[in-house]
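Nothing in this text is a laboratory measurement; each read-out follows from the coordinates by a stated rule. Computed from a predicted model, the values in this text were never measured in an experiment. When we count neighbours, we look across all protein chains shown, and the Cβ atoms used for this are built from the backbone with ideal geometry, even at glycine.
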Amino acid sequence: MGAADAVPAGFDVGSRVHEYGGGAYLPAGRTLFACSQGDQRLYRIDGQRDPVPISPEPPTPTSLRYADLRLVSSGELLVGVRERHQSEDVVNELVALPVDGSTEPWVVAGGHDFYAAPRPSPDGRRLAWLTWDRPCMPWDGADLWVADLGPDGRLGPARHIAGGPHESVVQPEWNAEGSLHFVSDRSGWWNLYRERHGQVNSLLPIAAEFADAPWELDYSSYAFVADGRIACRYRQHGRDRLGLLDPESGRLTDLPIPYTSLKPYLRAVGDRLAFIGASPTTSSAVATLHVPTGRLDVLAGAEISLDPTWVSVPQPIQFPTQDGQTAHALYHSPTNPEVTGPPDAWPPLLVQAHPGPTADAKARLDLRTQFFTSRGFAVVDVNYAGSTGYGRGYRERLTGQWGVADVSDCLDAARSLVEAGKVDGRRLVISGESAGGFTALCALASDDFFAGGASRFGIADLETFRQQAPKFQAHELDRLVGPYPEAAATYRARSPLHLVARIAARCCWCMGWRTPWCRQAKPRSWPRRLSAGAFGTSWLPFPGRGTGSAGLSAFGAGSRLSCPSTLQRSGCRPTRPIGFWPPMA
């Protein structure tokens, strides 16, 4: 069994709807419909033939974007999400178009700020879809609708099924019998529900998450197998599991797979499941599982597999917070089979804030983490307030508290490990990227607990970010910080760029100048502003890069930017020694 390219060389598949994309292609037999990353047009690829555009050329480059595609009308039409960029306005809507591109797309649903997940019923007579409106993000509140679907792709009157501003509904799907399923957090957890004969019922009430925060389109955390059971990827106690749910009895049976982290891209064909999985000792792999026999086949990936004796396997931990609640993290102890630390000393600790705020640390192989644990560091990945995987209430703990609760949780995670006698309280550093970089910088500004830190493309100016963020997340900060511009003073008070005088530790800043809100913030003036603080700074700009690991080597630059020895070589000597434990040759 092997893998082959589905697109010709030079054709880059990718959607920029919401700027985060997702759902950029749809296979249909030997035909592939795909969005081009370059011009954002839709293309049809038949077998080995050249791609043929089926959506019109936009009035300005990349101003018409498509995603989340499905076939309707007996395979004659495509329905999907379109995002129109016109002047300063961005319009999202559902459109339909012929699969041969013979006519231009037409709008089948519009008027809401955002659309997602158009899903036709098996008989093709109904269409389900999701909408949400600002200031909600889809994990705050979204609505599920169903309408009759005509052969011309037009919709009848819409019927509201579930959701609202305080209920997040995601991932609608139909089973073979025509019953609509979806995931809702109305119970406080993202659980599976079924709508049948006008009644909505929970299939399995459980304190577990059957969905992720939908930063991308076309997530799929469950799929229907041939015998009517539902294959489910769910998260509980800091790790992912794959199970089979009997919708009639409510019985959930875990499937034996060697993975602890599963991406929300689960699909089923008959009795075979396809997914992307990883473990603490192996990198991500595309795999299939034959449900009746349990046979697992790896189709691609898993290029990296480490000797287990060198791998620090993450352990889920809980710890008390300053406000009397409980927070979560994954703890990695120092692991090196060739060296043992002295009995009267404790290792340094690297605190890592994930690039949330509505993400979470994964129980999977991370080479940067293993770089440190194999050299004597303990590492804790903090799932601070606002993280997914622990229910809606945990996500909402960050409401109005971004830059406060997340910072406090990172400090409390370190304190709990110091008090437990696992790490050296004099040698603590903190690191993060994107939103995690913001948290790391705020932590350095709020307390002298850390000896140093690093921010990789972290958000430094909340006000600029709020003004320049794409439509999809422009209002996210209204919940996390406060309504803008009414709360402008709070935005400035929590922005690391305005807190440099309060940072006593040494830190390393990395930023790509192609990031829109970075360009607007005039980052070339930052070194001068940073030098005004009472600390040493390593400033590493990346002129041709944007946000994310695509701009940096995931292991090389990412590790160097977190490494205390890099801070030292950059002239940023920590206020307290950090070093390695035990000393490395």
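Structure notes:
- Cα lying deepest toward the dipole's positive end in the chain, options 42, 340, 129, charges on Cβ: 340
- Rounded, prolate or oblate (a/c below 1.5 giving rounded, otherwise prolate when a/b exceeds b/c) for segment 317-378 by Cα gyration tensor: oblate
- Shape of segment 134-232, Cα gyration tensor, a/c cut at 1.5: oblate
- Sorted from greatest to least, the principal axis extents spanned by the alpha carbons of segment 54-166 come out as 41, 39, 19 Å.
- Residues whose amide H lies under 5 Å from that of residue 257, counting only those 5 or more places away or on a different chain, are absent; hydrogens are built 1.01 Å from N in the peptide plane.
- Debye log10 I(q)/I(0) at q = 0.16, 0.27 Å⁻¹ for segment 220-303, Cα point scatterers: -0.55, -1.51
- Electrostatic tally near residue 504: other residues with Cβ closer than 10 Å to its Cβ, Lys and Arg +1, Asp and Glu -1, net 0.
- Using θ = phi - 60° and Karplus 6.51 cos²θ - 1.76 cosθ + 1.60, couplings along segment 438-446 (whole Hz; Gly, Pro as x): 4, 4, 4, 5, 5, 5, 5, 7, 8
- Percent of Cα pairs exceeding the 14 Å cut-off, where the set is segment 295-341: 69 percent
- 10 Å-binned pair-distance histogram of segment 266-367 (Cα, whole percent): 12, 30, 30, 20, 7, 1
- A simple charge model with +1 on the Cβ of Lys and Arg, -1 on the Cβ of Asp and Glu and nothing else charged puts the dipole of the chain at about 1600 debye relative to its Cα centre.
- Rounded to the nearest angstrom and listed largest first, the equivalent-ellipsoid semi-axes of segment 1-53 from its Cα gyration tensor are 19, 12, 10.
- Remark on residue 159: its backbone amide H falls under 5 Å from those of 146, 147, a criterion applied only to residues 5 or more positions apart or on other chains, H modelled at 1.01 Å from N.
- Computed from the Cα positions only, the extents of the chain along the three principal axes stand at 72, 55, 48 Å, in decreasing order.
- The largest-to-smallest principal axis extents of the Cα set in segment 1-100 are 48, 31, 21 Å.
- Residue (of 358, 270, 292) at the positive-pole extreme of segment 242-358, dipole from beta-carbon charges: 270
- For segment 358-432, a Kirkwood radius taken over Cα pairs fed into Stokes-Einstein (25 °C, viscosity 0.890 mPa s) yields D = 180 µm²/s.
- Calculated FRET value between residue 271 and residue 488, using beta carbons and R₀ = 56 Å, to 0.05: 0.50
- Net dipole in debye of segment 220-303 [+1 Lys, Arg Cβ; -1 Asp, Glu Cβ; about Cα centre; nearest 20]: 180 debye
- Per-peptide packing, taken as the mean over residues of other Cβ atoms within 10 Å, places 276-282, 305-311, 326-332 in the sequence 326-332, 276-282, 305-311 from highest down.
- For segment 132-215, size of Cβ-based charge dipole, Lys and Arg +1, Asp and Glu -1, in debye: 180 debye
- With θ taken as phi - 60° and the Karplus curve 6.51 cos²θ - 1.76 cosθ + 1.60 applied, the whole-hertz 3J(HN,Hα) list for segment 181-196 is 10, 7, 10, 9, 9, 4, 8, x, 9, 6, 10, 7, 10, 9, 9, 9 Hz, x standing for glycine and proline.
- Expressed per residue, the C-alpha convex hull volume of segment 324-471 stands at 122 Å³.
- Amide H contacts under 5 Å for residue 299: 286, 287, 288, restricted to partners 5 or more places along the chain or on a different chain, H placed in the peptide plane at 1.01 Å from N.
- Per-residue HN-Hα couplings for segment 360-376 [Karplus 6.51, -1.76, 1.60; θ = phi - 60°; Hz; x = Gly/Pro]: 7, 6, 9, 7, 8, 4, 10, 5, 5, 4, 5, 4, 6, 5, 6, 10, x
- Computed over the chain: relative contact order in percent, which uses C-alpha pairs under 8 Å that are six or more apart: 8 percent
- Charge context of residue 446, other residues only, Cβ under 14 angstrom, K/R +1, D/E -1: -2
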